[in-house]
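Working notes, beginning with the structure itself.
The values are calculated or read from the model by the stated rules, or taken from the named source; none is laboratory data. A quick note: this is a predicted structure, and the numbers were derived from the prediction, not measured. Please note: Cβ atoms are built from the backbone with ideal geometry, for glycine as well, and neighbour counts cover all protein chains shown. What goes into the accessible areas is simple: the full protein's heavy atoms, side chains included, and nothing from ligands, DNA or RNA. Shrake-Rupley method; radii C 1.70, N 1.55, O 1.52, S 1.80 Å.
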Amino acid sequence: MHHLLLDSRRVGQAAGSLFFALRGPQHNGHLYLPELYQRGVRLFVIDSQQEVPNGLAAYPEAEFLLVDDALTALQTIAAEHRRHFRLPVLGVTGSNGKTIVKEWLAQLLAPDELVCKSPRSYNSQVGVPLSVWELNATHTLGIFEAGISERGEMARLARVIQPTLGLFTNIGTAHDAGFTNHLEKVEEKMQLFLGVDTLFYCLDHELIHEVVRRHLPEHRTFTWSRQQLHQAHVAVTVAEASADRTVVRVHLARPLPQEHTFTLPFADEPSVENALHALSVLLWRQVPAAEIQHRLDRLHPVAMRLEMKQALNDCYVLDDTYNNDLAGLNLALDALARQPRRGRRTLILSDVLESGLAGADLYARVAAQLATHGVERLVGIGSEIQQHQVAFQAVQTAFYDTTDDFLRSFQPETFRQETILVKGARRFGFERIVTAFQQKIHGTVLEVNLEALVQNLNFYRSRIQPGTKLMVMVKAFAYGSGSYEVANLLQFHRADYLAVAYTDEGVDLRQNGISLPIMVMNPSPDAFQMLRQYHLEPEIYSFERLHDYLAAAHQHPLPAIHLKLDTGMRRLGFAESDLPELCALLRENAAHLRVASALTHLAGADEEQHNNFSQQQLAAFQRMTPQLEETLGYPILKHALNSAGILRFPEAQLDMVRLGIGLYGVEATGREQQALQPVSSLRTTISQVKTLPPGETVGYGRRGEAVDYERRIATLAIGYADGYDRRFSNGAGEVVVRGQRAPIIGNVCMDMCMIDVTHIAAAQAGDTAEIFGSQLPLSELAKRIGTIPYELLTNVSERVKRVFFAE
Ligand SMILES: *Cc1c(COP(=O)(O)O)cnc(C)c1O
């Protein structure tokens, strides 16, 4: 069977892989052909011969399928595959809860069925065909989710899924942009269900009910309700709701009147609704009530994202501890293989469940997956994997019967600089392994959402003229977000250049496998040889530096340079009056020096009031650069704009732009902030909560002033040594606890600070406090203490653990 391949980072078995050159607004799959071919892929679906780099002849062993549209081809192949299987297939759509309902149903039905389901939230035009492609003859039930954002999309997904059953979760405001109104959106989603035998939905969503009625006769529906108890197949009344569970009484009118009581292990409304959807399917299947309750008790929350966590001994842990089937394992291994190589790749794996394959066959497949993903070390936990350990002779192995056995003999020092995927079925409780690996330095983390970062990148890309290159600033630890993780992502997403402040930052990137061109803005002369060794291109901003560099370049050839021109910033760079001397030097040394680019930096790109000045700077730059090019006799890249400049002076984007803060989610002009996603969020935990009698003060210098009422004060595990500015002391700063703001009280200390939580009754030790993030925007926080978001971001100390949400 062919493996369908869309992402060049995910080449597993190259032989037999069929690559689809898909297109997106910022993406052209054709560009990846050289890399894929080199890695052994030989089958390509393309929709344009012209866009194949170097022409078809450059790939003598390849076979090309030329189609009108690669995405349509992918969907057609998947639809054809689906047609081979006669099994019930449940299609799930709706605004919210699709993934959770799908995962829960898969869990709840696992004892009776071999389920093939969409991995994670693979519900798009691309994700659905990939999910359906996983169907094989052993499966007895398919559950696939479908998500859309525009008209016309659902019919395409329905053609691929061909559902026989349907579940419509609800309708909300998400993805409203592509639709004129709610009705249109419901109608569009309904397209998934036109051919189903039975559709499950909740009557209380009136618009859904109205649209379903228009398309399906009543006998093809199965409904539940908490309001219209006489109309629904399943009438639900809530008998009891406590902090962590909800007891419901359920009345079924048909086939025979019955009444049951179930305890749902959730209290929040979205989970209760999702659980009731799943419950209605179990009731329809006539699973006995006691058995339903038994299965509900074991229902667990669904982890939606794969998290990468910093761990002890310079290791990283990819945490995927909630299920373990073959398709999920493959996805998780893909994610592991996408991480740049730092040391070994290690997999901690439980028994693989629900595969439908015999043990020997199953573990041979697992072993093959390990080989293609470059895994060098395997820790197997469970009796089955242990029994089939002969399959894993190609890698270093250790086996344990149980998670407890592993933890008892856990030796942290045997793991060093490794990227460790922890992948286990729920009942193995692998989250305890992740905890053991995580540095418990203190409870403060900077969460970096790499997916948001890519969205921001794409936003700026949409504002950059075609043909203009993109340099991304990853100086200062990528504005605090973690240089090599960010650089790795930018490399994949085809940035043209990276820039760092100092040579050692560039060396660090090279040592972590970054091969993009890198500009070093402030190279020190004693490290010129490092520039050569690691192929880093220096920015040269003064005659002194230029003479140093030339002297060194006469000894050994050195990388090309970037000339910094000062057009008004008055910080670094050659002035217009320096040009004659500069050009003379360049001419004399033409044989020893190559110039890659000339750049200038605007002093007030983000502010209207400086527009005239910015225009003068740009004009000066335009006067200076032709003289340089004339002297050199070859074209150089010319670039002037930072994030704010890209948006405000589109006509001056020239050959390249330099994106900085915008990538990290802060729109410096403030006008298009809503187009960006927050990337980092700084969190800490409450260490202790105290009740303070009236009249007492808080902290050093007794600065948290006394008041005449009783207060509750919480101590947070963050202080100025973590980068939480001391200027936030005494009410200047606020944090968010349980969705509510709480002011800083007293002075911020080195490792701690205190907040007033008198008004947040539920606040307790162990709660999370957001310092900045989606609930507390960086720009607001910066304003409070008279600084800029740049400073807050880059101040987050390196001792704060970074957690990356993998893309
Ligand atoms: C940091 C920097 C940028 C990026 O600036 P942002 O305001 O963060 O977009 C661009 N150019 C130079 C020379 C820089 O130092």
Exercise for the section: Just need the relative contact order of the chain here, percent rounded to a whole number, with Cα pairs under 8 Å and 6+ apart. Expected result: 8 percent
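Working out 0.36 nm times the residue gap between D7 and E710, then minus their Cα-Cα distance, what length gain in nm do you get to one decimal? Spell out each step's value before the answer.
Working: separation 703, 0.36 × 703 = 253.08 nm, distance 5.89 nm.
Contour length minus Cα-Cα distance gives 247.2 nm.
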Handout entry: region 447-673: relative contact order as a whole-number percent, Cα under 8 Å and 6+ apart
Key = 20 percent
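For a Förster distance of 30 Å, can you work out the FRET efficiency between the beta-carbons of N795 and Q26, rounded to the nearest 0.05?
Efficiency, from the Cβ-Cβ distance: 0.45.
DSSP loop (so not H, G, I, E, B), at most 14 other Cβ within 10 Å: list which chymotrypsin sites (Phe, Trp or Tyr not before Pro) in region 527-564 pass both filters. Walk me through the intermediate numbers first.
Numbers: sites: F528, Y534, Y541, F543, Y549; in loops: Y541.
Here no chymotrypsin sites (Phe, Trp or Tyr not before Pro) fit, given the DSSP loop and packing criteria.
Per residue, how much accessible area does region 306-439 show when a 1.4 Å probe rolls over the protein heavy atoms, in square angstrom? Before the final figure, lay out the partial values.
Values: 5070 Å² over 134 residues.
Per-residue accessible area for region 306-439 comes out at 38 Å².
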Handout entry: Charge tally in the Cβ shell below 10 Å around H601, where Lys, Arg are +1 and Asp, Glu are -1, H601 excluded
Key = +2
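What is the gain in length, in nm to one decimal, between Y700 and H556 on full extension, counting 0.36 nm per residue of separation less the C-alpha to C-alpha distance?
On the way: separation 144, 0.36 × 144 = 51.84 nm, distance 5.81 nm.
My answer for the length gained is 46.0 nm.
Under 1.5 on a/c is rounded, so check that first for region 169-280, then, if it is not, pick prolate when a/b is larger than b/c and oblate when it is not; a ≥ b ≥ c are the square roots of the alpha carbon gyration tensor eigenvalues.
Values: a/c = 2.60, a/b = 1.38, b/c = 1.89.
Cα axes put region 169-280 in the oblate bin.
If you add up the charges near R463, with Lys and Arg at +1 and Asp and Glu at -1, over every other residue whose beta carbon is less than 13 angstrom from its beta carbon, what do you get? Walk me through the intermediate numbers first.
Details: positive: R461, R648, R671; negative: E651, E667, E672.
Spelling it out: positives minus negatives among the neighbours equals 0.
For every other residue with a beta carbon closer than 14 angstrom to the beta carbon of V689, add +1 if it is Lys or Arg and -1 if Asp or Glu, then tell me the sum.
Values: positive: K690, R711, R712, R738; negative: E710, D756, D767.
Combined, the nearby Lys, Arg, Asp and Glu give +1.
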Problem - Listed residue pairs exceeding 26 Å between alpha carbons, taken from K98/K423; K102/K801; K117/K189 - result: K102/K801
Problem - Qualifying GluC sites (Glu not before Pro) in region 46-132, DSSP loop, other Cβ atoms within 10 Å at most 13 - result: E61
Practice task
Could you tell me the distance between the Cα centroids of region 196-251 and region 547-578, to the nearest Å?
Solution key: 72 Å
Problem - Å² per residue, accessible surface of region 447-673 at 1.4 Å - result: 39 Å²
Exercise for the section: May I ask you to derive the relative contact order of region 75-297, considering only C-alpha pairs under 8 Å and at least 6 residues apart, and to give it as an integer percent? Expected result: 17 percent
Handout entry: Alpha-carbon centroid distance for the pair region 36-108 / region 367-406, whole angstrom
Key = 31 Å
Handout entry: Cα gyration tensor shape of region 1-73, rounded if a/c is under 1.5, else prolate or oblate by comparing a/b with b/c
Key = rounded
Handout entry: Solvent-accessible area per residue, Å², over region 680-806 with all protein chains present [probe radius 1.4 Å]
Key = 44 Å²
Problem - Accessible carbon and sulfur surface of the chain relative to its total accessible area, %, 1.4 Å - result: 50 percent
Handout entry: Difference of contour (0.36 nm per residue) and Cα-Cα distance, D68 to M569
Key = 175.2 nm
Practice task
Starting from the Kirkwood radius over alpha-carbon pairs of region 666-741, derive D by Stokes-Einstein at 10 °C in a medium of 1.306 mPa s and give it in µm² s⁻¹.
Solution key: 105 µm²/s
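Compute the normalised compactness of the chain: alpha-carbon radius of gyration over 2.2 N^0.38 Å, N being the residue count. Display every interim value, and only then the final one.
On the way: Rg = 29.6 Å, N = 807, 2.2 N^0.38 = 28.0 Å.
Compactness ratio reported: 1.06.
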Problem - Förster radius 41 Å - calculated FRET efficiency between R432 and F492 (Cβ-Cβ, nearest 0.05) - result: 0.80
